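Read-outs throughout are calculated quantities, based only on the coordinates presented, and are distinct from any laboratory measurement. Being a predicted model, the structure only gives us computed values, none of them experimental. Note that we place each Cβ from the backbone using ideal geometry, even for glycine, and neighbour counts take in every protein chain shown.
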């Protein structure tokens with residue numbers, strides 16, 4: 001497969017590939033992968049990129065009970081609406097597909113399925129209050145869609161680990 005790109009864009013991509021120490025083909029594959037896993041949905045969901053320093057400041061200054069309240073509300077409403085918007089139905093399969101889209105925007109996320117339980121580790125590097133927000137958001141989104149209980153194994157200022165079973 002080949003693509004035609006303007007020469008100025010090719011020069012930018014070649015320069016970036018050299019800076020990062022990867023082949024041009026590898027860089028282009030990374031760009032396509034990012035678009036396929038997150039970029040195509042970000043525009044349709046009207047998401048905005050936000051600097052982590054802004055997130056740190058906002059979440060650090062908020063009371064934990066307000067963070068939890070907002071997260072639960074958004075998990076029950078926005079999470080459900082986004083699943084319906086992207087997949088036109090709510091089912092265990094579409095919730096898992098949404099989790100893949102949702103988790104792909106974090107620094108790192110690992111998803112493991114042992115045949116019964118889905119395990120996620122999400123690394124965000126924001127702060128503990130953001131972990132609290134994420135915990136409440138995921139819990140309420142899962143409980144209001146599948147429903148299933150989400151178990152949190154670990155939570156830190158940088159990451160959280162949780163699991164749930166599908167009905």
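Computed values, structure above
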read-out	value
With Cα atoms, 0 to 90° folded angle of helix 24-34 axis to the chain main axis	30 degrees
Principal axis dimensions, largest first and in whole angstrom, of the chain by Cα	52, 36, 30
Which of 153, 97 has the fewest Cβ neighbours within 10 Å, and the rest in rising order	153, 97
Folded to 0 to 90 degrees: helix 128-145 orientation relative to the chain principal axis, Cα	80 degrees
Kirkwood-based Rg to Rh ratio, segment 51-96, C-alpha trace	1.14
Between 0 and 90°, nearest 10: helix 92-103 axis offset from the chain longest Cα axis	60 degrees
Alpha-carbon centroids, segment 28-53 and segment 80-122: separation in whole Å	16 Å
Mean residue ellipticity (222 nm) of the chain, computed from DSSP H runs ≥ 4 via -39,500 (n - 2.57), nearest 500	-16000 deg cm²/dmol
Alpha carbon convex hull of segment 119-167, projected area averaged over orientations, nm²	2.9 nm²
Sorted by Cβ neighbour density within 10 Å, fewest at the top, the residues 151, 80	151, 80
Length-normalised contact order of the chain in % [C-alpha pairs under 8 Å, at least 6 apart]	22 percent
Neighbour-count ranking [beta-carbon atoms within 10 angstrom, fewest first] of 91, 103, 7	7, 91, 103
